[in-house]
Structures are given as C-alpha cells and as structure tokens.
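What follows is one structure encoded as structure tokens, with my remarks underneath.
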Amino acid sequence: MLFKLILFLWLSLVIVAGISFPITMNPIHWNELPMIPGLEDKARIIFFHAPLAWVTTLAFLVSLFHAVRYLGKKNFNDDIRSSASAGLGIMFCILATVTGSFWAKFNWGSFWNWDPRETSIFVLLLIYGAYFALRSSVEGEEKRATLSAVYAVIAGVTALFFIFVMPRIVEGLHPNEAIIVRGRISMNSTMLIIFLCSLVGYTALYMWLLRLRVRIAQLEFQLLEKGN
Amino acid sequence: MIRSTIASILVIFKKDLHSELRTRYALNALLMFVITTLSIILFSIGNESVSPELLAGILWVIVFFSSMSGLSRTFISEEEKGTVLTLHLLARPLTIYYGKLIFNTILLFSFNIFTVALFLIVVPGFTVANYGIFTITIILGTLGLASASTIIAAIIAKANTKGTLYPVLSFPILLPLLLTLINATKLSVDGAVLADAIGEFRIMISYMVVLTVISSFLFEYIWKE
C-alpha cells in the first residue's frame, strides 16, 4: 500500500515537472530546462516516451530470461513470469509507439516514416503479437510454455540482427544525436534529474504491475489445479 | 559416431524426399502458387513501367509467401500421418532436425530457381546488371530462409491453427533477412560491384549460421513435447 502511494506521488511529480517546467535559452533558476535546437517544447516527450521504450525493452528481456530459465528447469512459475512480462511489454510497446508517432508528426511531419527506431519498435510489436498468437493456439499448459519459450528465444536472437541490418537500410532521424552531442549530454542537471526520475518511476511501475500479474496468474493456476 | 549421425541424417532426408516425390504435394502446390502469384502481379502491372528496384522487392514477396505455403509440410505431415512416435523411437532429435533442414533447403532451392527464372523471363523491366551479386543473394537467401522456417515449422506442427500461424510467426524472425535480401537484390539491379554487397552477404551468412545453431539447441525441446 505504502509502495503504491509513493509510486503515485513519484510519477505525478515527474509528470507535472516534465510538462510544466519552462524551457529557456539560458537556464538560471533551478526549475528551468535548456533549449535544445530543433526540439524546443517537443523535447518534453523524452520524459515519457524514452522511459516507455526502455520498459518495453526491459519487459522483453525479462520475458526472455524467464523463457530460458523455464527451458532449463521446467518450473511453471517461470512460464507465468515470462508471459506476464510479455503481456506488460506489449502494452508499453503500444504506448511507446503511439507517443513516438505523435512526436514524429510534429517534428518530422508525418506519423510514420520507417525510421530505424520506428522499424525496430514495430518489429518488437510483431514479435509480441506473434508470441501471443502462438500461446492462444496451443493446448496444454506444458506444451504452450515450452513452445512459447522456444519462440521467445529465437525472436530474441533475431532481434539482435536489427542492430547490424538497420543502419545499412535507412538513415536515422531519431534525435539521440541532438541530445547527446559528441558524447556530451545537452541536458542540464534539472532535465537529467527529471529524466532519470521518470526512468526509475516507470521501471518501478512495471515491476509493481508485473508482481500483480504474476500473483493473479499463480492464483488462477492454483484454482485450476484445485478444480481438477 | 559422426559417421553414423551423418548416415541417419541422410536417411531422414531420403525418407522425406521419397515421400515428397511420391505424392508431389509441396511440388505441385508450390508450382501453382508461384504461377498464380506471378500472373496476378503481371495483371496488376499491365502496361505500367515499374522500377526494377520495386520489382526486386516483389520477387522476395513471392519467395516469402511460397516458402510459407510449402515448407511447413515437413513437420505437419508427420503429425497428420501419426509417424511422430516412430521417428521418436528411430532417431535422435538432432538428426531429425538436420534431415528436415536439408530437405527444406533443397525443396526451397529448386523452387527459388524456378521462381527466379520465371520472374526474369516474364516480368518486363526486371533486368539484372550484376549477376554475381544476384546469384549469391539467391543462394544465401535460400539457405537463410530454410534455416529459419524449419524451426518455426517444427513449432507450429504442435499448434492448432497451423496454416495461418506460420507466416505470422515467421515474419518477425525473417524480417532482418528479407530486408537484407531486398537490399542486395537492389544492388544487383543497380549494377553495383561485388565489393559493395559484401556487408549484406556477411549479414546473410551470420543469420543462417546463428539460426541453424540456435535451432539445433532448441529443437530437442519442441520435439519432446
């Protein structure tokens, strides 16, 4: 309960600060954010979009980790964790795609233009979708767990290829370059603190949701076993 | 040990080849599939002039979907005929996987030769400037496609909705390969020199090797289910 309250206050503060703090050319006061050329007010998306994208990746890695553990130990809890994390991942993935797409409309002029980042998040969305399509079409818990774990591992391995493939296909427009200029981050300390707080907040939100989902799934599983 | 493993891999491959040549299910279906798809594309092109770069993409769309309709048979037919348990008794999982992989590779290879030859003959405006890049792309593409789709075929043989699930599961896995293949085919159409496409070939080779290795690790888990 206390954790929930702290998380609520934490995320509220991050959201309020991220939206309301003024952006100025030369930040003097503690609450002023720096102007990043080419981004201006649109830079605020970083407080929400980047943590969402980070959690999407994290959820996929957690899912992958538990899939591998399931294949090794055949412990059913690992399958529950793996699928629960993938379920959250698909939600965060959709949110990250939508927020990124809105930002792209105002910065690049169209909602979608197959930028490397857009392509990679689209592929992640496809992988999540295929994962759940597979899960829903396999009968028998053990079979479902094994097949989806195997698929998650194969998908995880091929996803790595995009790191090498994408730069050869299209030029990147994603503004990492605007924010990290020659190794130096062009955020001031206020912006950096809000950004890091947002990362921590969203990660905690994910972990809290994951624990809830795992508990629900475990209880459902126990009910099912009692029923039999 | 190694010799007996290779021998049993070849036995599995020969078994599949014989049963395929006897029924010619995949051969006939794929043949008609390629002809149908090509004629639809030709009808829709009509008298328009389409850029060769676009046609390079269309070629791989045909190859992708024809392999999706043909390669899933290897494992599904075992489930349908009820021969899975016999195979369990007779051979180790690894030899079954490699036997099926070789069969799928040869099947896909013969079909890609047919598709590409037909594509070059009947599609107006598709001219390849550098046949060296083009040939290597077709060969490496076939190997990569076969390596990824064999393991997915093994997964979907255990699922309920087999036919529709196959392209859904395969597409995200094959996407890095397909993008690279389309890129390399574009290079061959544009008349690039062989050295320009080395990076693409590297990705294709590493894709094939990684997928084959990881599949041979994971196949045992699927097969035991």
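Screening chain B for whole DSSP H helices with an alpha carbon extent of at least 15 angstrom along the helix axis and a mean Kyte-Doolittle hydropathy of at least 1.6 yields B:25-45, B:93-122, B:131-156. Stretched out straight at 0.36 nm per residue, the stretch from A:Phe106 to A:Glu139 would grow longer than its current Cα-Cα span by 7.3 nm.
Pairs with C-alpha atoms separated by more than 19 Å, drawn from the list B:Lys15/B:Lys158; B:Lys81/B:Lys158; A:Lys73/A:Lys143; A:Lys143/B:Lys158, are B:Lys15/B:Lys158. With the convex hull of the Cα atoms taken as the outline of the range A:39-135, the averaged projected area works out to 6.4 nm².
Converting phi to 3J(HN,Hα) with the Karplus coefficients 6.51, -1.76 and 1.60 and the offset θ = phi - 60°, the range A:215-228 yields 5, 4, 5, 5, 5, 4, 5, 5, 4, 4, 5, 5, x, 6 Hz in sequence order, with x at every glycine or proline. Counting only the Cα atoms, the range B:2-223 fills a convex hull of 121 Å³ per residue. Sorting B:Ile182, A:Ile28, A:Ile193 by the number of Cβ atoms found within 10 Å of their own Cβ, with the fewest placed first, yields A:Ile28, A:Ile193, B:Ile182. Here the contact order of chain A, divided by its residue count and restricted to Cα pairs under 8 Å and six or more residues apart, works out to 29 percent. Translational diffusion of the protein assembly as shown was estimated from the Stokes-Einstein equation, with Rh taken as the Kirkwood radius over Cα pairs; at 10 °C and 1.306 mPa s the coefficient is 65 µm²/s. For a paramagnetic label modelled on B:Ala129 (point 7 Å from Cα along Cα→Cβ), amide N atoms under 17 Å away belong, within the range B:56-83, to B:56-57. Neighbour counts of other Cβ atoms within 10 Å put B:His88, B:His18 in the fewest-to-most order B:His18, B:His88.
Counting 0.36 nm for each residue step from B:Arg92 to B:Leu31 and taking away their Cα separation leaves a gain of 18.7 nm. Between the helical axis of A:49-73 and the dominant principal axis of chain A, each derived from Cα atoms, what acute angle in degrees is found, rounded to the nearest 10? The two axes meet at around 20 degrees. Here chain A is described by how far its Cα atoms reach on the three principal axes: 67, 48, 28 Å, from widest to narrowest.
Using the Karplus relation 6.51 cos²θ - 1.76 cosθ + 1.60 with θ = phi - 60°, the per-residue 3J(HN,Hα) values for the range A:100-110 come to x, 5, 4, 4, 4, 4, 7, 9, 9, x, 8 Hz, with x marking Gly and Pro. Under 5 Å from the amide H of A:Ile23 lie the amide H atoms of A:Leu33, each residue being 5 or more positions distant or on a separate chain, with H modelled from the backbone and absent for Pro and chain starts. Between helix A:116-136 and chain A there is an angle of about 20 degrees, using the helix long axis and the longest principal axis of the Cα atoms. Spatial offset of the range B:23-82 relative to the range B:115-175 amounts to 9 Å, using the alpha carbon center of each. Note on B:Leu145, A:Leu95: ascending count of other Cβ atoms within 10 Å places them as A:Leu95, B:Leu145, the fewest first.
Note on the range B:14-122: Rg/Rh from C-alpha atoms, Kirkwood Rh, equals 1.09. For chain A, the longest principal axis of the alpha carbon atoms and the long axis of helix A:141-159 meet at an angle near 30°.
The sum of -39500 (n - 2.57) across all DSSP H runs of n ≥ 4, divided by the residue count of the protein assembly as shown, sets its helix-only mean residue ellipticity at 222 nm to -27500 deg cm²/dmol. In order along the range A:80-93, the Karplus-derived 3J(HN,Hα) couplings, from 6.51 cos²θ - 1.76 cosθ + 1.60 at θ = phi - 60°, round to 4, 4, 4, 6, 5, 5, 5, x, 5, x, 5, 5, 5, 5 Hz, and Gly and Pro are given as x.
FYI, it's all coordinate maths here, none of it is from the lab. Because the structure is predicted, anything quoted here is derived from the model rather than measured. Glycine gets a Cβ as well: all are built from the backbone with ideal geometry, and neighbour counts include every protein chain shown.
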